[in-house]
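Q: My questions all concern the structure below.
The values are calculated or read from the model by the stated rules, or taken from the named source; none is laboratory data. None of these values were measured; they are calculated from a predicted model. Note that each Cβ is placed from the backbone with ideal geometry, even for glycine, and that neighbours are counted across all protein chains shown.
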Amino acid sequence: MSGKGAGIPVALIGAGAVIVAALITTHAPICPDFMCGPDKATTKQQSGGGESKQIIKVPAGKADVEITPGEITCTAEGGCDSEVRIESLGDATLKVTYMEIRGDGKAYFSQDGACERKNLAPGVSCSFGVSFTSPAEGGTAQATLVIHHNVGAHPTLITLRGEGTAQPPTDTPTTGLPANG
């Protein structure tokens, strides 16, 4: 970026301009031309048959990705309701670089790493599991699985929800009553 272009956001902020972020719904550009250039990616959420998926597409000759599902629900007794499936849909190799779990409940979720640092040719998919450990006090936990890849300007986000069960105390009570006699 040239020195002239870099001063525009600073000048706008200095002039008291308000910058607002928008939620991307369907077929919306992920970022405007002045930030990402002309190769804009679009994202689309689809639901059907009880399963949601996220599809991110960029112009021809680039990698596209479909990630299923968009949300995972877990319980202490039954585990998580599905695996995550990443499929390369575009004309170029999809590069899944790394994954992370963010949010207040991140300590209760993990993923098995089976798709991290993978290059997926067009038409190839990869699946991995998510695990949930109940909070000791029971209750619910929520976090976000963030999948970083080379499609578009932003990673893909999957909502993780867990319903825990209170753990019984591990100390065994002692009766400590003296024997009479």
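Q: Taking only the stretch 80-123 into account, find how many residues are in contact with a Lys or Arg (Cβ under 6 Å, 6 or more places away or on another chain) and at pLDDT below 95. Before the answer, list the steps.
A: From the stretch 80-123, those in contact with a Lys or Arg (Cβ under 6 Å, 6 or more places away or on another chain) are 90, 92, 96, 119; that's our starting set.
Now drop any that are not at pLDDT below 95, which leaves 90, 92.
Residues flagged as in contact with a Lys or Arg (Cβ under 6 Å, 6 or more places away or on another chain) and at pLDDT below 95 within the stretch 80-123 amount to 2.
Q: Do the conditions hold for residue 65, that is, is it under 13 Å from the mean Cα position of the chain (by Cα) and either under 18 Å from residue 157 (Cβ atoms) or modelled with pLDDT under 95 (or both)?
A: Values: under 13 Å from the mean Cα position of the chain (by Cα): no; either under 18 Å from residue 157 (Cβ atoms) or modelled with pLDDT under 95 (or both): yes.
So residue 65 does not fit the description; no.
Q: Residue 129 versus (1) surrounded by 14 or more Cβ atoms within 10 Å (Cβ to Cβ); (2) in contact with a strand residue (DSSP E or B) (Cβ under 6 Å, 6 or more places away or on another chain); (3) modelled with pLDDT of 95 or more: which is the lone unmet condition?
A: If we test residue 129 against (1) surrounded by 14 or more Cβ atoms within 10 Å (Cβ to Cβ); (2) in contact with a strand residue (DSSP E or B) (Cβ under 6 Å, 6 or more places away or on another chain); (3) modelled with pLDDT of 95 or more, just (2) comes out false.
Q: Which residues, counting only those in the stretch 144-161, are among the β-branched types (Val, Ile, Thr) and assigned to a loop (DSSP other than H, G, I, E, B)?
A: Kept after step one, since they are among the β-branched types (Val, Ile, Thr), are these residues of the stretch 144-161: 144, 146-147, 151, 156, 158-159.
Result: 151, single match.
Q: Another question about this same structure. Please list, ordered by first then second residue, the pairs with beta carbon atoms under 6 Å, 6 or more apart or interchain, first in the stretch 100-116 and over 21 Å from residue 164 (Cα atoms), second surrounded by 14 or more Cβ atoms within 10 Å (Cβ to Cβ) and modelled with pLDDT of 95 or more.
A: Partner pairs satisfying both residue conditions: 100/146; 114/128; 115/86; 115/96; 115/126; 115/128; 116/99.
Q: Restricting attention to the stretch 119-143, which residues are hydrophobic (A, V, I, L, M, F, W, C) and either in contact with a Phe, Trp or Tyr (Cβ under 8 Å, 6 or more places away or on another chain) or in a loop (DSSP other than H, G, I, E, B) (or both)?
A: Step one: of the stretch 119-143, the residues hydrophobic (A, V, I, L, M, F, W, C) are 120-121, 124, 126, 128, 130, 132, 136, 141, 143.
Of everything in the stretch 119-143, those that are hydrophobic (A, V, I, L, M, F, W, C) and either in contact with a Phe, Trp or Tyr (Cβ under 8 Å, 6 or more places away or on another chain) or in a loop (DSSP other than H, G, I, E, B) (or both) turn out to be 121, 124, 130, 132, 136, 141, 143.
Q: Return the pair list, or none, for Cβ contacts closer than 7 Å from residues in the stretch 134-156 that are of a type in the set (Val, Ile, Thr) to residues that are outside any strand (DSSP E or B), at least 6 apart or on different chains.
A: Listed pairs, sorted by first residue: 144/103; 146/155; 147/155; 151/41; 151/58; 151/63; 151/64.
Q: So, in the stretch 82-92, of the ones that are aliphatic (A, V, I, L, M) and in a strand (DSSP E or B), which residue ends up nearest to the chain's Cα centre (by Cα)?
A: Filtering the stretch 82-92 down to residues aliphatic (A, V, I, L, M) leaves 84, 86, 89, 92.
Cutting the leftovers down to in a strand (DSSP E or B) gives us 84, 86.
On the way: 84: 10, 86: 12 Å.
Per the criteria, the residue is 84.
Q: Moving on to the next point. Would you pick out the residues in the stretch 93-118 that are within 11 Å of the chain's Cα centre (by Cα) and not in a strand (DSSP E or B)?
A: 103 - this is the single residue of the stretch 93-118 that is within 11 Å of the chain's Cα centre (by Cα) and not in a strand (DSSP E or B).
Q: For the stretch 141-181, name all the residues that are of a type in the set (Ser, Thr, Tyr) and modelled with pLDDT under 95. Working first, answer last.
A: Step one: filter the stretch 141-181 for residues of a type in the set (Ser, Thr, Tyr), giving 144, 156, 159, 165, 170, 172, 174-175.
Within the stretch 141-181, 165, 170, 172, 174, 175 meet the criteria.
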